[in-house]
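Report on one structure; see the data block that follows.
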Amino acid sequence: MSDDAHRRRMQERLDKIGRDNADADGALPARPDPAGAVSPVTPARRPARRRGWLFLAALAIASFVLGELALTVQGWTGPDFADADRTGQATVVDCERHGPIGRGFGYWDECTADIVWNGGFTERHTFDRRNFLHADEVGTTVTIGQGTGFRGGGVTYSRPELPHRPLITALGVILVVLAALPALLLVGTLVIAIRNLVRRR
């Protein structure tokens, strides 16, 4: 085989390879228009949004649980009977059971009693405080006291069987504060989210 024939064949092969490469390049899909392309950030927003809703739900649940724990704990203490302005005899007439969740965990009784105060004044009153009166006391008469609330605000009722327990009261206050923290954070987060939504629109 002459050199010329060899060079021709080599050139033909090179030309064929070039054509094959050109055909392969032409078969490649065209690049999408950047203006119509979907932003890679868009799919990532959904998991972030889901995590945001889960965070808000966790705050609401934490606030609710801590608040109910505070009410449950406070049901085991009360005003000091020795501080009562007047005392009387309360005959439990009827009770309605509540619970197990709501104003504290577990069941509790809201009871109505006819009260005869020392001095002869009588009245009927419904006590909705946890553990103050119980359904098994219906038909019985118990001693109660009446006083004024903190700094003279409102009326309080006490019983000798339900003494004032400062440590339990302090624990209840701590739980109230802990319940308020996630509640405030929840409100602040919602305010910021609503404000951002209004700005975008």
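The values are calculated or read from the model by the stated rules, or taken from the named source; none is laboratory data. These figures come from a predicted structure and were not determined experimentally. No Cβ is skipped: glycine too gets one built from the backbone with ideal geometry, and neighbour counts run over all protein chains shown. When the accessible area is computed, the model is the full protein with side chains, heavy atoms only, and any ligands, DNA or RNA have been set aside. Shrake-Rupley method; radii C 1.70, N 1.55, O 1.52, S 1.80 Å.
Checked against (1) open to solvent by less than 30 Å² (accessible area, probe 1.4 Å); (2) part of a strand (DSSP E or B); (3) not aliphatic (A, V, I, L, M), residue 68 passes all but condition (2).
Criterion first (open to solvent by less than 40 Å² (accessible area, probe 1.4 Å), touching a residue at least 12 places away in the same chain (Cβ under 8 Å) and within 14 Å of the chain's Cα centre (by Cα)) does residue 56 satisfy it?
Working: open to solvent by less than 40 Å² (accessible area, probe 1.4 Å): yes; touching a residue at least 12 places away in the same chain (Cβ under 8 Å): yes; within 14 Å of the chain's Cα centre (by Cα): yes.
So residue 56 passes the test.
Residues in segment 88-113 that are open to solvent by less than 40 Å² (accessible area, probe 1.4 Å) and part of a strand (DSSP E or B): 88, 90, 92, 95, 108, 109, 111, 112, 113. Here the condition is being under 19 Å from residue 63 (Cα atoms) and either touching a helix residue (DSSP H, G or I) at 6+ places or on another chain (Cβ under 9 Å) or of a type in the set (Val, Ile, Thr) (or both); of 189, 141, it holds for 189 alone. Restricting the first member to segment 64-82 and to residues that are within 14 Å of residue 129 (Cα to Cα), and the second to residues that are among the hydrophobic types (A, V, I, L, M, F, W, C) and part of a helix (DSSP H, G or I), the beta-carbon pairs closer than 7 Å and six or more apart or on different chains are 70/175; 70/176; 70/179; 73/168; 73/171; 73/175; 76/168; 77/168. Scanning segment 133-156 for residues that are in a helix (DSSP H, G or I) and surrounded by 14 or more Cβ atoms within 10 Å (Cβ to Cβ) turns up 135, 137.
Within segment 157-192, restricting attention to residues that are closer than 28 Å to residue 143 by Cβ and hydroxyl-bearing (Ser, Thr, Tyr), the residue that is least open to solvent (accessible area, probe 1.4 Å) is 158. Residue 122: in contact (Cβ under 8 Å) with a residue 40 or more places away in the chain and open to solvent by 30 Å² or more (accessible area, probe 1.4 Å), yes or no? Against the criterion (in contact (Cβ under 8 Å) with a residue 40 or more places away in the chain and open to solvent by 30 Å² or more (accessible area, probe 1.4 Å)), residue 122 does not qualify. Got at least one residue in segment 114-128 being closer than 30 Å to residue 63 by Cβ, assigned to a strand (DSSP E or B) and at pLDDT 95 or above? Checked segment 114-128: at least one residue is closer than 30 Å to residue 63 by Cβ, assigned to a strand (DSSP E or B) and at pLDDT 95 or above. Selection of first residues in segment 84-99 that are more than 14 Å from residue 159 (Cα to Cα) and at pLDDT 95 or above and of second residues that are crowded, with 16+ Cβ neighbours inside 10 Å and of a type in the set (S, T, N, Q), restricted to Cβ pairs under 6 Å at least 6 apart or on distinct chains, gives the following pairs, ordered by first then second residue: 93/112; 94/112.
Can you pull out the residues in segment 103-123 that are more than 18 Å from residue 75 (Cβ to Cβ) and charged (D, E, K, R)?
Scanning segment 103-123 gives 114, 123.
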